[in-house]
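Peer 1: Take a look at this one; I'll ask things after.
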Amino acid sequence: MRQAIEEVCSSLRDSFQGELLRPSDPEYAQARTIWNSLVARSPGLIARCCSVADVQAAVRAATAAGVETAVRCGGHSLAGFSTCEGGLVIDLSRMRQVSVDPERRRARFAGGCLLSTVDAATQSVGLAFPAGVVSHTGAAGLVLGGGTGWLSRLHGLSCDNVEAFTLVVADGTVLRASAHENADLYWALRGGGGNFGVVTEFEVKLHPVTEVLLASAFYPADEISKALEIWRDFMPGAPDHLRWVFSLNVAPHSAGIPAELRGRAVASTSVLWIGAIEEGHRAVDKVLSLGKPAGITKAVIPFLQLQAMADHEFPHGRRYYTKSGYFRTLGPPAIASMVHALAAIPSPASQIELAYLGGAVARVDAAETAFGQRSAPFLVNILANWQHAQQDAAQLSWVRSLFAELRPSMAPGVHVNFMSGDEDDRVPEAYRHRWERLLAVKSHYDPTNFFRLNQNIRPGPIPAADPSAL
Ligand SMILES: Cc1cc2nc3c(=O)[nH]c(=O)nc-3n(C[C@H](O)[C@H](O)[C@H](O)COP(=O)(O)OP(=O)(O)OC[C@H]3O[C@@H](n4cnc5c(N)ncnc54)[C@H](O)[C@@H]3O)c2cc1C
């Protein structure tokens, strides 16, 4: 690998406009880190591209030398796919341009943007792009995997709002993928992750949103089962403007949380209304009257505040591990398992996140994009979040054992954005009946599997379908 990296370096040295970082460079130590410190690898070269030409040069050089290559936008891959050991990292953090067309409600953003970069530009003209809930997440990885967030029920997944992609494919050429150009690639890029090339620009639809109504509250341990049953029964008939989510966690010791709940296992809930505020108050009040929540707060807040509200809960450099899945509905055994696991949570920052999709996500035809699961609306994400390596075994074991208990009642499928690095065997499950078409697109655009550090679709013969996975 060392010899091959030297070849990449010498081929880039003269023409590369960005920065080339080797392990001996002072900036390298910081540049090699990614968000999840559970994954610590040392690439042989980090190529911080600053133009499409840089990306093309890096892809061509790495292909010629046969060097393993990771592509990095925000570095938030839970699985750690945006780094590698000894190989090349194509780092897009210098490519964060955004341009907005307020009249057409459209934006173009570059392949290295964070959600905060996109939000800042679009909110300056009162528009929003539907994306995730933590503003330091990379936009590219999130959109390519599908992308769920506060606006999903009203405006669809992030990938549903992309009209065109510009990307550098494995042979170094630049392609545009839209409904009219390379339509197969356009289909695959909406949910198929980083399998097909380095996306240098996204052309997306925007929606008018400037402020929202947000309520937060807490259910004590003995009210959690009841609250989840109410939520389960309420959400299928809820308006798209309403998003109601739960996090089963340990309440922090902070003001605003009833003193008797601090440090205790609780269900923290957020009820969001996007739309006419008066109507929102009525809808949110109704939701909060259904159970016995404590510590209710309710306020109209700027959309930008909503987008950054959870940033501090997921800082860079901690250790994270997750397993995720969908339910068609939440039966009593699943609820009981989650409540039981909450009582044994091994870190105060870990949590069981529950969201309900449906709405605009479910109205997109299943065949329209590569995204895997639109018909099972309950999304669970078991997320361990801790500080020290000595706790690794206990944290991983907590996530895995709850997941094993929940698995039999889950619907098939997984959102690739919430997969860890040891779940390679679940990638076909993520795409199910889209798998053959994805294999065909992958084999056409990346026959040597150059882009393989991702939830990988390995090019090759199409396997016989496993009916149990459909
Ligand atoms: C704190 C946190 C909050 C999150 N919240 C949400 C959420 O609300 N909704 C949601 O859907 N997901 C969410 N996720 C999951 C997130 O969408 C994925 O981890 C996503 O891959 C992160 O994108 P990134 O660009 O930061 O990651 P990276 O680690 O930079 O990349 C992730 C993958 O995408 C590929 N990739 C990155 N950039 C490009 C590009 N320009 N072209 C081609 N391939 C590329 C990489 O090669 C890699 O395989 C969250 C993750 C974290 C850590």
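Peer 1: Could you look through region 173-191, keep only residues that are assigned to a loop (DSSP other than H, G, I, E, B) and more than 25 Å from S51 (Cβ to Cβ), and pick out the one that is least open to solvent (accessible area, probe 1.4 Å)?
Peer 2: Applying the filter and picking the extreme gives G191.
Peer 1: Let me ask you something else. Which members of region 190-204 meet the condition of being within 9 Å of the ligand (Cβ to nearest atom) and touching an Asp or Glu at 6+ places or on another chain (Cβ under 8 Å)?
Peer 2: Hits for region 190-204 are N195, F196, G197.
Peer 1: Now for a separate question. Tell me, yes or no, whether region 452-463 has at least one residue that is in contact (Cβ under 8 Å) with a residue 12 or more places away in the chain, farther than 28 Å from T83 by Cβ, outside any helix (DSSP H, G or I) and open to solvent by less than 30 Å² (accessible area, probe 1.4 Å).
Peer 2: No - not one qualifying residue is present in region 452-463.
Residues checked against (1) in contact (Cβ under 8 Å) with a residue 40 or more places away in the chain; (2) over 23 Å from G172 (Cα atoms); (3) of a type in the set (F, W, Y); (4) in contact with a Leu (Cβ under 8 Å, 6 or more places away or on another chain):
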{"residue": "I5", "(1), (2), (3), (4)": "yes, no, no, yes"}
{"residue": "P26", "(1), (2), (3), (4)": "no, yes, no, no"}
{"residue": "W35", "(1), (2), (3), (4)": "yes, yes, yes, no"}
{"residue": "Q56", "(1), (2), (3), (4)": "yes, no, no, no"}
{"residue": "L88", "(1), (2), (3), (4)": "yes, no, no, yes"}
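A quick yes/no check of all residues on (1) part of a loop (DSSP other than H, G, I, E, B); (2) within 14 Å of D91 (Cβ to Cβ); (3) open to solvent by 40 Å² or more (accessible area, probe 1.4 Å); (4) of a type in the set (K, R):
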position	(1), (2), (3), (4)
Q3	no, no, yes, no
E7	no, no, yes, no
S10	no, no, yes, no
Q17	yes, yes, yes, no
D25	yes, yes, yes, no
V39	yes, no, no, no
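Peer 1: Let me ask something additional. Does region 279-304 hold any residues that are more than 16 Å from the ligand (Cβ to nearest atom) and in a helix (DSSP H, G or I), and which are they?
Peer 2: Passing the criteria: E279, G280, H281, R282, A283, V284, D285, K286, V287, L288, S289.
Peer 1: Looking at region 408-432, I want the residues that are at positive phi and have a partner that is within 16 Å of the ligand (Cβ to nearest atom) with Cβ atoms under 6 Å, at least 6 apart or on another chain. Which pairs are those?
Peer 2: G413/Y326; G413/G372; G413/Q373
Peer 1: Moving on. Does V441 meet the test of being of a type in the set (V, I, T) and part of a loop (DSSP other than H, G, I, E, B)?
Peer 2: Judged against the criteria, V441 is not a match.
Peer 1: Looking only at residues in region 136-145 that are within 24 Å of W273 (Cα to Cα) and out of contact with any Ser or Thr (no Cβ under 7 Å at 6 or more places or on another chain), which one is farthest from the ligand (Cβ to nearest atom)?
Peer 2: A139
Peer 1: Further question: Specify the residue that is surrounded by the most Cβ atoms within 10 Å (Cβ to Cβ); the eligible residues are those in region 159-172 that are of a type outside the set (D, E, K, R) and in contact (Cβ under 8 Å) with a residue 60 or more places away in the chain.
Peer 2: V168
Peer 1: Please enumerate the residues belonging to region 243-259 that are open to solvent by 50 Å² or more (accessible area, probe 1.4 Å), in contact (Cβ under 8 Å) with a residue 40 or more places away in the chain and farther than 24 Å from W150 by Cβ.
Peer 2: Of everything in region 243-259, nothing turns out to be open to solvent by 50 Å² or more (accessible area, probe 1.4 Å), in contact (Cβ under 8 Å) with a residue 40 or more places away in the chain and farther than 24 Å from W150 by Cβ.
Peer 1: Of the residues R318, R374, R400, R328, which single one is under 16 Å from the mean Cα position of the chain (by Cα) and open to solvent by 10 Å² or more (accessible area, probe 1.4 Å)?
Peer 2: R374
Peer 1: Same structure, new question: Quick one: in region 408-423, of everything that is in a helix (DSSP H, G or I) and under 21 Å from the mean Cα position of the chain (by Cα), which residue is farthest from the ligand (Cβ to nearest atom)?
Peer 2: V416
Peer 1: Of these, G132, G156, which one is crowded, with 22+ Cβ neighbours inside 10 Å, on the phi > 0 side of the Ramachandran plot and touching a residue at least 24 places away in the same chain (Cβ under 8 Å)?
Peer 2: Result: G156 is the single residue among G132, G156 that is crowded, with 22+ Cβ neighbours inside 10 Å, on the phi > 0 side of the Ramachandran plot and touching a residue at least 24 places away in the same chain (Cβ under 8 Å).
Peer 1: When V364 is evaluated against the numbered criteria (1) at pLDDT below 95; (2) in contact with a helix residue (DSSP H, G or I) (Cβ under 7 Å, 6 or more places away or on another chain), which criterion, by number, is the only one it fails?
Peer 2: V364 satisfies every listed condition except (1).
Peer 1: Of a type in the set (S, T, N, Q) and part of a helix (DSSP H, G or I), is that true of T63?
Peer 2: Taking the combined requirement at face value, the residue satisfies it.
Peer 1: From the list V134, V168, V143, exactly one residue is touching a helix residue (DSSP H, G or I) at 6+ places or on another chain (Cβ under 7 Å) and farther than 20 Å from A355 by Cα. Which is it?
Peer 2: V168
Peer 1: Same structure, new question: Please name all residue pairs, on different chains or six or more residues apart, with Cβ atoms under 9 Å, provided the first residue is in region 203-223 and is farther than 15 Å from I301 by Cα and the second residue is surrounded by 21 or more Cβ atoms within 10 Å (Cβ to Cβ) and of a type in the set (D, E, K, R).
Peer 2: Every condition considered, the pairs that remain are K205/D160.
Peer 1: Right, something else. So, V266, is that one surrounded by 22 or more Cβ atoms within 10 Å (Cβ to Cβ), over 30 Å from Q123 (Cα atoms) and in contact with a strand residue (DSSP E or B) (Cβ under 7 Å, 6 or more places away or on another chain) or not?
Peer 2: Answer is yes for this residue.
Peer 1: Looking at (1) more than 27 Å from T329 (Cα to Cα); (2) out of contact with any Lys or Arg (no Cβ under 8 Å at 6 or more places or on another chain); (3) open to solvent by less than 50 Å² (accessible area, probe 1.4 Å), can you tell me which one S225 breaks?
Peer 2: Condition (1) is where S225 drops out.
Peer 1: In region 60-109, which residues are within 13 Å of the ligand (Cβ to nearest atom), closer than 15 Å to A40 by Cβ and open to solvent by 60 Å² or more (accessible area, probe 1.4 Å)?
Peer 2: Scanning region 60-109 gives no hits.
The values are calculated or read from the model by the stated rules, or taken from the named source; none is laboratory data. From a predicted model like this one, the values you see are computed outputs, not experimental measurements. Don't worry about glycine lacking a Cβ; one is built from the backbone with ideal geometry, like all the others, and counts go over all protein chains shown. SASA here: full protein model, heavy atoms, side chains in, ligands and nucleic acids out. Shrake-Rupley method; radii C 1.70, N 1.55, O 1.52, S 1.80 Å.
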